[in-house]
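The values are calculated or read from the model by the stated rules, or taken from the named source; none is laboratory data. Everything numeric in this text was worked out from a predicted model, so none of it was measured. Every residue, glycine as well, gets a Cβ built from its backbone with ideal geometry; the counts of neighbours run over all protein chains shown. Calculation scope for accessible area: heavy atoms of the full protein, side chains included, ligands and nucleic acids excluded. Shrake-Rupley method; radii C 1.70, N 1.55, O 1.52, S 1.80 Å.
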Amino acid sequence: MLNTSIEICSNILNYNTTLHISYIVWHTCGLLCTMFGIPGHLFQILIMLNKTNRKESTSLYVIAIAIFELIFLVDIFWLWCVGMSIIKIDLRQILSCGIFYNILIGPTILSNLYLASISIDRTFMILYPTRYRLLITRRHVLIRIFLILIIVILFMIPHHFYFHYNKKTTIFICEFDTVIKPWRIRIWTFLHALLFVSLPSIITCISSVILLHNRCNQRKITKNKSSETARRMKRNSILIFFISIFILFSLLPTVILEIFIVHDRLFSHDIFCSIRWQQYKILLNWFLTLSALNYSSKFYVRLIISKTFRRDFIKLINFISLRQQKNNEQNSLALNNSNTLKNIET
């Protein structure tokens, strides 16, 4: 009887024009973001692995961020395919919804923390320039990357045990078991909002402001035209500042919405038939669209702003083109030799 009433309520609420538009926007942007974002992250990883960039300790952070945001976009694309009935296999039902939740949300948390960590390193470079090279080495960065990864994994493990998937009631990736103590669910939503979204974004913003302020002061002191390195640092600080602001205002509303959804699921039994549940669906579609834009646009924003990055990208494209041309010539030569041998045998 309960499942029947839920299905009736769901069908009634789904006939809303605003909700339908939000689904169209989400499905369209979800596809476009994955189509452009996945190749962008692959290019970014290859660029950071070239001979020059891989010597820098900060490149390790950029590679880690690109890898985990790539995982997020692949998961988003899978959800999009399931939502459009292109793929019938829903990993939430096969792996367990808790594991899929960890695979989807975990990379976003790691991306935020790594961006905050690289911002802290940049601030340390400004405040203690003589000691920076001694303390911030590739080894220290690798240790920090793996330490953050292990901590996040430990935080995410409990979700496997109290999350499940129900096609009729699940609105935010997974449905939690109501038999679990409510405080466990609520504490996670607040930790996610404060510790894994707000705090890293605020740290990144503060670090970018410190870096930008330092560059402006240096220019006033010297009263000369800034060097290329100084201008690059200034552009990077502006870029990271706007990225952190975008992260804060694209992800924070999503986790705040998650807090409200969890509260209503715990304390409101008729939530599925309320207008508020419909509003949650609409807001969630818009916020997911913003999140997909956030995690798919970094490569292109950096490509527009950074001259060095554009130069590395052009070198990579030329290398790939030359490699492809060489392979085509080798294949053509092998085919001609094969045809020549056949003619001789004939």
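List, in order, the whole-Hz ³J(HN,Hα) value for each residue of segment 83-89 obtained from phi through the Karplus relation with A = 6.51, B = -1.76, C = 1.60 and θ = phi - 60°; use x for Gly and Pro.
Each residue's phi maps through the Karplus curve to give x, 8, 6, 6, 10, 8, 8 Hz.
Expressed in nm to one decimal, what extension gain is obtained for the pair PHE242 and ARG54 from 0.36 nm per residue of sequence separation less their Cα-Cα distance? All intermediate terms of the calculation are to be shown ahead of the outcome.
Details: separation 188, 0.36 × 188 = 67.68 nm, distance 2.50 nm.
Gain on stretching PHE242 to ARG54: 65.2 nm.
For the peptides 279-287, 77-85, 313-321, what is the packing order when you average, over each peptide's residues, the other Cβ atoms within 10 Å and list the highest mean first?
Working: 279-287: 18.4, 77-85: 16.0, 313-321: 12.3.
Highest mean packing first, the order is 279-287, 77-85, 313-321.
Is there a pair in LYS298/LYS326; LYS55/LYS315; LYS51/LYS298; LYS55/LYS326 whose C-alpha atoms are over 20 Å apart, and which pairs would that be?
Details: LYS298/LYS326 32 Å; LYS55/LYS315 18 Å; LYS51/LYS298 22 Å; LYS55/LYS326 29 Å.
From the list (LYS298/LYS326; LYS55/LYS315; LYS51/LYS298; LYS55/LYS326), the Cα-Cα distance tops 20 Å for LYS298/LYS326; LYS51/LYS298; LYS55/LYS326.
So which trypsin sites (Lys or Arg not before Pro) in segment 43-91 are both in a DSSP loop and have at most 16 other Cβ atoms within 10 Å of their Cβ?
On the way: sites: LYS51, ARG54, LYS55, LYS88; in loops: LYS51, LYS88.
For trypsin sites (Lys or Arg not before Pro) across segment 43-91 that sit outside H, G, I, E and B with at most 16 neighbouring Cβ atoms in 10 Å, the list reads LYS51, LYS88.
Ignoring ligands, DNA and RNA, what percent of the accessible area of segment 58-209 is carbon or sulfur (1.4 Å)? Mind dumping the intermediate values first?
Details: 5380 of 7370 Å².
In segment 58-209, the share of accessible area belonging to carbon and sulfur is 73 percent.
Can you list residues whose amide H is under 5 Å from ILE87's amide H, if they're 5+ apart or on another chain and H is modeled 1.01 Å from N?
Amide H to amide H, under 5 Å and 5 or more residues apart or across chains, ILE87 pairs with VAL82.
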